[in-house]
Every structure is written in structure tokens, then in C-alpha cells.
1. Which residue out of Y119, Y135 is within 24 Å of R162 (Cα to Cα), in a loop (DSSP other than H, G, I, E, B) and of a type in the set (F, W, Y)?
2. Are any of the residues in the stretch 10-21 surrounded by 10 or more Cβ atoms within 10 Å (Cβ to Cβ) and either within 20 Å of H137 (Cα to Cα) or at pLDDT 95 or above (or both)?
3. Sort out which residues of the stretch 84-116 are within 23 Å of A166 (Cβ to Cβ) and without any contact (Cβ under 8 Å) to a residue 40 or more places away in the chain, and write them in order of number.
4. Mind checking whether some residue in the stretch 90-100 is surrounded by 16 or more Cβ atoms within 10 Å (Cβ to Cβ), part of a loop (DSSP other than H, G, I, E, B) and touching a Ser or Thr at 6+ places or on another chain (Cβ under 9 Å)?
5. Would you pick out the residues in the stretch 32-71 that are modelled with pLDDT under 55, within 13 Å of the chain's Cα centre (by Cα) and either surrounded by 13 or more Cβ atoms within 10 Å (Cβ to Cβ) or not in a loop (DSSP other than H, G, I, E, B) (or both)?
6. Please enumerate the residues belonging to the stretch 130-169 that are surrounded by fewer than 20 Cβ atoms within 10 Å (Cβ to Cβ), under 16 Å from E81 (Cβ atoms) and touching a helix residue (DSSP H, G or I) at 6+ places or on another chain (Cβ under 9 Å).
7. For L126, are the conditions met, namely being of a type outside the set (D, E) and either surrounded by fewer than 16 Cβ atoms within 10 Å (Cβ to Cβ) or touching a Leu at 6+ places or on another chain (Cβ under 7 Å) (or both)?
8. Of the residues R91, R113, R132, R161, which is among the basic types (K, R), on the phi > 0 side of the Ramachandran plot and out of contact with any Asp or Glu (no Cβ under 6 Å at 6 or more places or on another chain)?
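The values are calculated or read from the model by the stated rules, or taken from the named source; none is laboratory data. This is a predicted model, so every value here is computed, not measured. Heads up, the Cβs are rebuilt from the backbone with ideal geometry, glycines too, and the neighbour counts pull from every protein chain shown.
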Amino acid sequence: MPSIRLPRRKLGLLFFLALALLAWLYRDLPRGFLSPQSGGPWRQCVRVVDGDTLLLDGDERVRLIGVDTPESVDPRRPVEEFGKEAAAFTRRLAEGRRVRLEFDQEPRDRYGRTLAYVYLEDGTFLNAEIIRQGYGHAYTRFPFRYTEEFRSYEREAREQRRGLWAAVH
């Protein structure tokens, strides 16, 4: 009998080490990287307020992390150039659809809005897609998980003259 226990112990140890290795490798992947269904519950996007702000079911306002689009609804300022187009782009993608939120370091901004990364049911990473298509730029004033990726998407949109960058000479 002792000869049977020894391999089981080794097998158990090997299994534990493999699990520890997987956990260590997974730590650097962005949350939601493996599957958009792996995060929190699905929510309904009731309305797109502007290009970087959504209103979800339960009257929750969500500000997209790492994205800044031209203003289109701030009562203190005039509508900025390309603001309506950016809002329309986000509206086409998200309004009336189910979304899933993921969070970073800060849960809320100074206006009380939830700060989140937003994923659509088809797997589209909304924050990134807005920048990729040139409807906004990477907002890097505060550190966030995808800073380098978003800067790269903005650079590519500028080079390809997509969205708001089409008018820039």
C-alpha cells in the first residue's frame, strides 16, 4: 500500500503546482480577456448620454474609463466639434443593448458616476472601439489598466484618419 500513496502525493503536488502556475500566468491578463461573459451581470443600456457616458437600468450613470469624446451635452459649454457624431456612434453600438461592466482602481468619479470598462454581448470592448474608430481619444490623465493599448488605438486612428481625425490635417 505505501507504494500507491507515494504517486498520489506526487500527483497531488503536481496538480497544485500546475494550478499555482496558471494563477500566476493569469494575473497579468486583463479582466474579461478570456471571455466577455466572465465578469459581472448583464445590464441594460437605457440611453447614451454622450460619447463616453451611458445611463443603465437602475438609473446608473457610467463614465467609460480611459476614453474622452468631444462634449455634446454639457450645459456649461457649447457642443464641441464632432461631439454629436461621437455620441451617435456610441448610441449605435450600445443604446438598448445589454452590457457588462468591469471596474478598475476607482469605483466612481467626482460627479458620482460609475467608472467602468463596458463590454457588449458580442464581445466588443466599447471603450476601446470608440478610440479605435476615431470617435474619441485615450484619456490618460489618470492611470488605468489599458493605457498603452488605448494610446496605440488612438495613434492608429490618427494615422488612418478615422472619425474625428479625418478632419485634422
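1. It is Y135.
2. no
3. K84, A87, A88, R92, L93
4. No; the residues of the stretch 90-100 include none that is surrounded by 16 or more Cβ atoms within 10 Å (Cβ to Cβ), part of a loop (DSSP other than H, G, I, E, B) and touching a Ser or Thr at 6+ places or on another chain (Cβ under 9 Å).
5. Selection gives G32, P36.
6. R158, R162, W165, V168
7. yes
8. On inspection, the qualifying residue turns out to be R161.
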